[in-house]
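*Asks:* Just passing along the structure, written as structure tokens.
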Amino acid sequence: MSALSESPVASVRDLHITFATDAEPVRAVNGISLEARPGEVLAIVGESGSGKTVTANSLLGLLPETATLSGAIIVRGRDGGETDVVHATHDQLQEMRGQDAAMVFQEPSTALNPVFTVGFQIAEGLRAHGNVSKAEAKAKAIEILRKVGIPEPERRVDDYPHQFSGGQKQRVVIAMALVLDAKLIIADEPTTALDVTVQAEILELLRACRDEFGATIVLITHNMGVVADLADRVVVMYQGDIVEQAPVRELFAAPREEYTKALLQAVPHVGRGKSATQDPAAPAPTEAPEGSLVVAKKVQIGYPGRFGSSGVIAVKGVDFWIAPGEVLGLVGESGSGKTTIGRAMVGLTEVLGGSLTVLGQEMKGVKPRRLAKIRPDVGFVFQDPATSFNPLLTIAECIAEPLVVHGRNSSIGKARARVDELLDAVHLPTSYGDRYPHELSGGQRQRASLARALVLRPKFLIADEPTSALDVSVQARVLELFAELQREFGFASLFISHDLAVIDQVADRVIVLRNGEIREQGTTVQVLTDPKDDYTKRLLASLPVPDPVEQATRRAVWQATREA
């Protein structure tokens, strides 16, 4: 092997990054050094605010003008040329981006331009870096779409981003990174919002980028299962510092730093939650017990058509129930009907057939005034609290609003005692009530969202993917808090998630949903440790676990279930 090929593809030496603000400057990265070697996957992990994304963006010179950098960042291309990112001109950075290094962003919907076809957007990079004809660019776009697993690429090359699923959009973004044969690919949380089955496929594609395309990958993630599945080496960051770095198996087997140990300890793992405390031999109930808060019988839920067209039936005649004080976990991929069921329970989606009763109220054909009577008894925790809070109101005002709307208090000021009581219950300082939503972190906002959902003392709580966008350690704290509040307040809950390990932490029973139909249901221990349905088995095999040795075995099982 030549000395050139042994040289790191990217080298960072004594990197300091500071952001100017209206107040004091914010130090985001404190003199770190690392390197990405040829043909490896280097994972940079840590919680939000650790500096991992800032470090990744600095490799491509994508930091805003408020950032001040010192130190050295060297990126080497396939032709042996080097770019000193810290001192490079705008033109030099433009030449390097796409050709030597490329980025796969966390949210493909915002990375893709909605008004251009995906073929045009892939070809754009080719045209920017060379004299390529329209026909040649389209041919290369079709070829790269085929390589990343987009079916019928000759036809799909002329489709627009909204015509692709989330997983397919991420494949298109990866195709854009690969089309110029970049030596370095920076993948920033590439699987965060994806279902476990789609996530497994994207990880397989990134593995192919390394093995077949010869790319070096810098993977930014907070998912330690993804790290165990894909990474060769791991860099752990905390508050702008590197606290530990080691080969992946060494780090997972014997972490040295307390922070790394805590990060690994926080990862939910199937078999360590409710399934570890339940009796697998205990028979699962087959009928709704007396006094069940929610009962569905052959319920069909959907969206009526417009202008005479036929509607869409998203949930196709399912039976289930939720008993008092019980947490029912609802799992499945995007489009399975999980959220549709949750929305139907509060009257936001129409019940088209069968029967769905919530707190004794039949939801089929329900009138708004009848719905108003049960609404105080039903709480809702949304997936993204940032968009569910009014940004013009303080946290205390957001939490108190339902009390005023439902006439429990005459003003927000008079509800403050109840608000402070709930802030204390969700482990937030009462002073945070005077802050605005943007002044809280993601985990703090989700705690405030729980407080708002509980402010009316509901009998029933719907939690729709409440932890999917959170760091693993924050997620662990929110799940512990949810379980603690559920024990304290005794509410029943529908807990919606695509992560089976999360469901194991909170659910008493589990329903597996696919294409609007129930594939399997039973107690948590029965469904998660002894699944009967092939689809459930595939979901479990798709879920990466935070153990590189075990994950290698599980990957083989997943590949077998995919090929079956």
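The values are calculated or read from the model by the stated rules, or taken from the named source; none is laboratory data. Keep in mind that what you see is a predicted model, and the values were worked out from it rather than measured. FYI the Cβ positions are ideal-geometry reconstructions off the backbone, even for glycines, and counts take in every protein chain you see.
*Asks:* Looking at Ala492 and the list (1) modelled with pLDDT of 95 or more; (2) surrounded by fewer than 21 Cβ atoms within 10 Å (Cβ to Cβ), which single condition is not satisfied?
*Replies:* (2)
*Asks:* Applying the selection to the stretch 159-178, what residues are at pLDDT 90 or above, assigned to a loop (DSSP other than H, G, I, E, B) and either within 24 Å of Gln99 (Cα to Cα) or among the hydroxyl-bearing types (Ser, Thr, Tyr) (or both)?
*Replies:* Passing the criteria: only Tyr160.
*Asks:* Could you say which residue among Phe382, Phe389 is modelled with pLDDT of 90 or more and touching a helix residue (DSSP H, G or I) at 6+ places or on another chain (Cβ under 6 Å)?
*Replies:* From the options Phe382, Phe389, the qualifying one is Phe389.
*Asks:* Using the structure shown, decide if Lys298 is basic (Lys, Arg), farther than 22 Å from Ala483 by Cβ and in contact (Cβ under 8 Å) with a residue 60 or more places away in the chain.
*Replies:* It is false that Lys298 is basic (Lys, Arg), farther than 22 Å from Ala483 by Cβ and in contact (Cβ under 8 Å) with a residue 60 or more places away in the chain.
*Asks:* For the stretch 288-302, which positions are small (Gly, Ala, Ser) and under 23 Å from Asn515 (Cβ atoms)?
*Replies:* Residues satisfying the conditions are Ala296, Gly302.
*Asks:* Still on this structure: Hey, among the residues in the stretch 247-286 that are surrounded by fewer than 16 Cβ atoms within 10 Å (Cβ to Cβ) and β-branched (Val, Ile, Thr), which one's nearest to the chain's Cα centre (by Cα)?
*Replies:* Looking at residues that are surrounded by fewer than 16 Cβ atoms within 10 Å (Cβ to Cβ) and β-branched (Val, Ile, Thr), I get Thr277.
*Asks:* Do we find that Arg554 is outside the structural domain of Lys338 (by TED's automatic domain parsing), out of contact with any strand residue (DSSP E or B) (no Cβ under 6 Å at 6 or more places or on another chain) and not hydroxyl-bearing (Ser, Thr, Tyr) in this structure?
*Replies:* Here the answer is yes, as Arg554 does meet what is asked.
*Asks:* Looking at the stretch 63-78, can you tell me whether even one residue there is part of a helix (DSSP H, G or I), assigned by TED's automatic domain parsing to the domain that holds Arg171 and surrounded by fewer than 21 Cβ atoms within 10 Å (Cβ to Cβ)?
*Replies:* no
*Asks:* Restricting to the stretch 540-564, what's the tally of residues that are within 13 Å of Arg249 (Cβ to Cβ), among the polar types (S, T, N, Q) and over 20 Å from the mean Cα position of the chain (by Cα)?
*Replies:* So the answer is 0.
*Asks:* Scanning for something modelled with pLDDT under 90, polar (S, T, N, Q) and touching a Leu at 6+ places or on another chain (Cβ under 9 Å), does the stretch 113-125 turn up at least one residue?
*Replies:* No, there is no match, as no residue in the stretch 113-125 is modelled with pLDDT under 90, polar (S, T, N, Q) and touching a Leu at 6+ places or on another chain (Cβ under 9 Å).
*Asks:* Can you name every residue in the stretch 322-362 that is small (Gly, Ala, Ser) and more than 20 Å from the chain's Cα centre (by Cα)?
*Replies:* Ala323, Gly325, Ala344, Gly347, Gly353, Gly354, Ser355, Gly360
*Asks:* Then there's this: Among Ile322, Ile313, which is over 22 Å from Ser449 (Cα atoms), out of contact with any His (no Cβ under 8 Å at 6 or more places or on another chain) and either outside the structural domain of Ala492 (by TED's automatic domain parsing) or at pLDDT 90 or above (or both)?
*Replies:* Ile322
*Asks:* Do you know which of the residues in the stretch 236-289 that are assigned to a strand (DSSP E or B) and out of contact with any Lys or Arg (no Cβ under 8 Å at 6 or more places or on another chain) is nearest to Ile217 (Cα to Cα)?
*Replies:* That would be Val236.
*Asks:* Within the stretch 409-462, how many residues are more than 22 Å from the chain's Cα centre (by Cα) and part of a loop (DSSP other than H, G, I, E, B)?
*Replies:* Going through the stretch 409-462 one residue at a time, the tally reaches 15.
*Asks:* Can you name the residue in the stretch 390-406 that is buried (at least 24 other Cβ atoms within 10 Å of the Cβ) and within 27 Å of the chain's Cα centre (by Cα) and, of all such residues, is nearest to His438 (Cα to Cα)?
*Replies:* Per the criteria, the residue is Ile395.
*Asks:* Is the stretch 180-198 home to any residue that is in a helix (DSSP H, G or I), of a type in the set (Ser, Thr, Tyr) and buried (at least 19 other Cβ atoms within 10 Å of the Cβ)?
*Replies:* Scanning the stretch 180-198, I find at least one residue that is in a helix (DSSP H, G or I), of a type in the set (Ser, Thr, Tyr) and buried (at least 19 other Cβ atoms within 10 Å of the Cβ), so the answer is yes.
*Asks:* Sticking with this one: Looking at the stretch 243-267, which of its residues are in contact with a Gly (Cβ under 9 Å, 6 or more places away or on another chain) and in contact (Cβ under 8 Å) with a residue 24 or more places away in the chain?
*Replies:* Leu263, Val267
*Asks:* Among what's in the stretch 303-354 and is without any contact (Cβ under 8 Å) to a residue 12 or more places away in the chain, assigned to a loop (DSSP other than H, G, I, E, B) and not aromatic (Phe, Trp, Tyr), pick the residue that is nearest to Val525 (Cα to Cα).
*Replies:* My answer is Leu348.
*Asks:* Please tell me if Leu423 is touching a residue at least 12 places away in the same chain (Cβ under 8 Å), surrounded by 19 or more Cβ atoms within 10 Å (Cβ to Cβ) and touching a strand residue (DSSP E or B) at 6+ places or on another chain (Cβ under 7 Å).
*Replies:* no
*Asks:* Residues to consider are Ile399, Ile462, Ile412; find the one that is in contact with a Leu (Cβ under 9 Å, 6 or more places away or on another chain), under 30 Å from Asn223 (Cα atoms) and among the β-branched types (Val, Ile, Thr).
*Replies:* Ile462
*Asks:* Here are some residues: Gly77, Gly31. Which one is in contact with a strand residue (DSSP E or B) (Cβ under 9 Å, 6 or more places away or on another chain) and more than 30 Å from Gln475 (Cα to Cα)?
*Replies:* Result of the check over Gly77, Gly31: Gly77.
*Asks:* Here is a check on your reading of the model: is Ser441 assigned by TED's automatic domain parsing to the domain that holds Glu326 and without any contact (Cβ under 8 Å) to a residue 40 or more places away in the chain?
*Replies:* Here the answer is no, as Ser441 does not meet what is asked.
*Asks:* Select, from Asp499, Asp464, the only residue that is of a type in the set (Asp, Glu), touching a residue at least 60 places away in the same chain (Cβ under 8 Å) and surrounded by 22 or more Cβ atoms within 10 Å (Cβ to Cβ).
*Replies:* When all the criteria are applied, what remains is Asp499.
*Asks:* To continue, here is another question. Give the stretch 505-524 a look and list any residue that's in a strand (DSSP E or B), within 23 Å of the chain's Cα centre (by Cα) and of a type in the set (Val, Ile, Thr), or say none.
*Replies:* Within the stretch 505-524, Val510, Ile511, Val512 meet the criteria.
*Asks:* Evaluate the following for Leu494: is it in a strand (DSSP E or B) and outside the structural domain of Gly46 (by TED's automatic domain parsing)?
*Replies:* yes
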